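The structure appears below as structure tokens.
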Amino acid sequence: MLQSVTVNFSETGSFDLEVKGITLFVGPNNSGKSLLLREIETISSTHMPPNNLKIVSDFDIEWPDETALHKLIETAKQNTPSGAPSGHVEFKRLTPNGQRDASNIPIAHLQNCVSQKTQKSWIASNLIRWGIIRLDGRSRFNLTNDQQGGDLEKPPQNILANLFRDEVARASVRALVKDAFNVNLYVDPTNLGQLRIKLADGEIPTDEQSLNAVAREFYRGATHIKDASDGVQAFTGIVAAILSGEYHTILIDEPEAFLHPPLARKLGKSLATIASERNGALMASTHSPDFLMGCVQASQSVKVVRLEYSQGKSRAKSIDPESLKTFLNRPLMRSTNVISGLFHDGVIVTESDNDRAFYSEIFYRLAEGKPDYPSILFINAQNKQTIQEIIGPLRGFGVPAAAITDIDIVKDGGNTWTNWLTAAKLPKASYTSFGQQRSSVNNALQSTKRNMKTDGGLELLDKDDRLAADMFFDSLESFGVFPVRLGEVENWLPHLNVPGKKTDWTVAMLERLGSDTSDMSYVRPADDDVWAFLEKIVAWIKNSARKGME
């Protein structure tokens, strides 16, 4: 099988990506996830080096030893048609589109290439390719189409014909479908010459491959899979296709499509288990945290590669399994749904759920009618300090994670302040100067004898102190930390005269903003106040040269 592929990105350069095991490609739309899967398939199906590909520039293969090669050849000989050229063996596979893909390979040339470890592109396209399957969204529903039964004395020509004959594979598919939907799967042969998948609550009281009256009556009462939901068809088609052959490398694009979250998790667990049992590889492009969690449940060695493409620049960040495991084992990360941030252009973390509700509504209004706006996930922490615990790991995973805090972040001295600088990825050489600036701004605000959060924030300062404070906050914002200079969230949009604090204020503000765009009182974005504040955060997330990222 493939050992590794060399991938190239304009901003992060090239690196070798190990193929074996579980690898999930995540990130926003149009970041290159699907393209990468197609190119991995391409390098195994062409005799030429991958000179014209956009992401993959090279690859290495696992060369079979003499014993393994002998076993492969002997197995192929048993399945090689009598009309094959002398000295050749036939390798084949069943493709997802229901066709049989086969090729005759000269044994002597194969043995020579393997013994001398030469012509890896030829080995990939003539030996490794037969163990690779790629499934995409376009072909998903075709996987459960009715298919020809064919001549039972000849090799099966499609997935259903293979499942009909292979009791072990059929039992495996049946077990997975039963666990997912609590129904029994059968390959129904009663439409003579045509095979179709049927689903039934009960078990067939006779031989499932029989054509007798009992079997016909049972299949007549069972549900044709094409009458089942999209989720049932998608899940069943995927596992049926993968279990219909001895695939060592599974490439699948958006496996969670048409599946609700619990089912996506089951599918992730099932596919990761299959790949692990075969000592092979599962490489999937996904937008689903549930599919990711399912894979993690089945394997302790899940690698995640986050891709990003913006402003003509591409980058990739590989997350090693141990870091991912540590991240997911923390209750704070699970409770705030932080893992979903991997699938967005960026994340904005607020101090509370009230803050999150307000800022996400402001963002929604700003983003309306702007197709170039990034996909941003809003997450609330438990308090100001736990924001640090969220943005730090996310940035380490390549996710632009911004923080919105109240102005009293300037009170955070000692280790708490150091933790802020560490989470925001400031250079350590700047810690002392930033600490001194923070202390100076805090002292200036404290000297006013007023409440910095409720009485106006930086508006309380005289001209010189205000200039110094603005310079300090400008520096923080360049690293993705955005304090509210007016004090706190309740000080935004004062002209709306919204009363209350915390939840009361948030509920009243959301009501005051309005919901009917045709209503004259509906509040639309302006170019100042909170609108300008959030636009700055969006600009930081969109900036491919942003500070504060590893």
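Please give the peptides 438-450, 229-241 ranked by average Cβ packing (other Cβ atoms within 10 Å per residue), highest first, as a rough proxy for protection.
Highest to lowest by the protection proxy: 229-241, 438-450.
Between rounded, prolate and oblate, where does segment 197-253 land on the alpha carbon gyration tensor, with a ≥ b ≥ c its root eigenvalues, rounded for a/c under 1.5, else prolate if a/b exceeds b/c?
Numbers: a/c = 3.84, a/b = 1.80, b/c = 2.13.
Judged from the Cα gyration tensor, segment 197-253 comes out oblate (a/c at least 1.5, b/c at or above a/b).
Quick one: 130, 63, fewest Cβ neighbours within 10 Å first, how do they rank?
63, 130
Fewest first, what order do 1, 471, 509 take by the number of other Cβ atoms within 10 Å?
471, 1, 509
Once Lys and Arg get +1 and Asp and Glu get -1 on their Cβ, which of 235, 52, 429 lies farthest toward the positive end of the dipole of the chain?
With unit charges placed on the Cβ atoms, the residue in question is 52.
Over 23 Å between Cα atoms: which of 154/269; 269/313; 317/547; 384/453; 425/536 fall into that group?
Where the Cα-Cα span goes over 23 Å, the pairs concerned are 154/269; 269/313.
In terms of the ratio Rg/(2.2 N^0.38 Å) built on C-alpha atoms, what value belongs to segment 331-474?
Dividing the Cα radius of gyration by 2.2 N^0.38 Å gives 1.13.
Eigenvalues of the Cα gyration tensor times 5, then square-rooted: what semi-axes does that give for the chain, in whole angstrom, largest first?
Here the semi-axes work out to 56, 29, 18 Å.
Which whole number in µm²/s is D for segment 66-116 by Stokes-Einstein, with the Kirkwood Rh taken over Cα pairs at 20 °C and 1.002 mPa s?
Details: Rh = 11.8 Å.
My calculation gives 182 µm²/s for D.
For the chain, what relative contact order do you get, as a whole percent, if you take Cα pairs closer than 8 Å and at least 6 residues apart?
Details: 955 pairs, mean separation 72.3, N = 550.
Taking the mean separation of contacting Cα pairs over the length of the chain, I get 13 percent.
Just give me a number: lysine pairs in segment 29-130, eight or more positions apart or cross-chain, with C-alpha atoms less than 27 Å apart.
Here the count comes out as 12.
Between segment 33-94 and segment 287-321, what is the separation of their alpha carbon centroids in Å?
Comparing the Cα centres of segment 33-94 and segment 287-321, I get a distance of 27 Å.
With unit charges on the beta carbon (Lys/Arg positive, Asp/Glu negative), name the residue among 206, 249, 159 whose Cα is farthest towards the positive pole of the charge dipole of segment 154-259.
Farthest towards the positive end: 206.
Report the label-to-label distance for residue 436 and residue 510 in nanometres (one decimal), using points 7 Å from each Cα along the Cα→Cβ vector.
Placing both labels 7 Å beyond Cα along the Cβ direction yields 4.6 nm.
Can you tell me what percent of all Cα-Cα pairs in segment 375-452 are more than 14 Å apart? Present the calculation step by step, with values, prior to reporting the outcome.
Numbers: 1940 of 3003 pairs.
Beyond 14 Å sits 65 percent of the P(r) for segment 375-452.
Can you give me the three principal axis dimensions of segment 253-395 from its C-alpha atoms, in Å, biggest first?
49, 34, 30
How long are the three semi-axes of the equivalent ellipsoid for segment 481-550, computed from the Cα gyration tensor as the root of 5 times each eigenvalue, in whole Å, largest first?
Details: eigenvalues 146, 52, 21 Å².
Each semi-axis is the square root of five times an eigenvalue, giving 27, 16, 10 Å.
On the Cα set of segment 1-97, report Rg and Dmax in Å, please.
Computed over the Cα atoms of segment 1-97, radius of gyration and Dmax are 17.2, 54 Å.
Only four residue types carry charge here, +1 at the Cβ of Lys and Arg and -1 at the Cβ of Asp and Glu. Report the dipole size of segment 430-514 about the Cα centre in Debye, rounded to the nearest 20.
200
Let me have the 222 nm mean residue ellipticity of the chain computed from DSSP H runs of 4+ only, each contributing -39500 (n - 2.57), with the sum over all residues rounded to the nearest 500.
Taking each H run of at least 4 residues, the total per residue is -12500 deg cm²/dmol.
Find the eigenvalues of the gyration tensor of the Cα atoms of segment 423-550, then list the square roots of 5 times those eigenvalues as equivalent ellipsoid semi-axes, largest first, in whole angstrom.
The three semi-axes for segment 423-550 are 30, 21, 12 Å.
Which of 68, 418, 127 sits closest to the plus end of the dipole of the chain, meaning its Cα is farthest towards the positive end, when Lys and Arg get +1 and Asp and Glu get -1 on the C-beta?
Farthest towards the positive pole: 68.
With the alpha-carbon atoms as the only input, what is the per residue convex hull volume for segment 340-390 in Å³?
Normalising the Cα hull of segment 340-390 by residue number yields 69 Å³.
What is the Cα convex hull volume of segment 141-240 when expressed per residue in Å³?
Spread over its residues, the Cα hull of segment 141-240 gives 91 Å³ apiece.
Values quoted throughout were computed directly from the atomic coordinates according to the rules given, and no laboratory measurement underlies them. Please read all numbers here as calculations on a predicted model, not as lab measurements. As a convention, Cβ positions derive from the backbone with ideal geometry for all residues, glycine included, and neighbour counts pool all protein chains shown.
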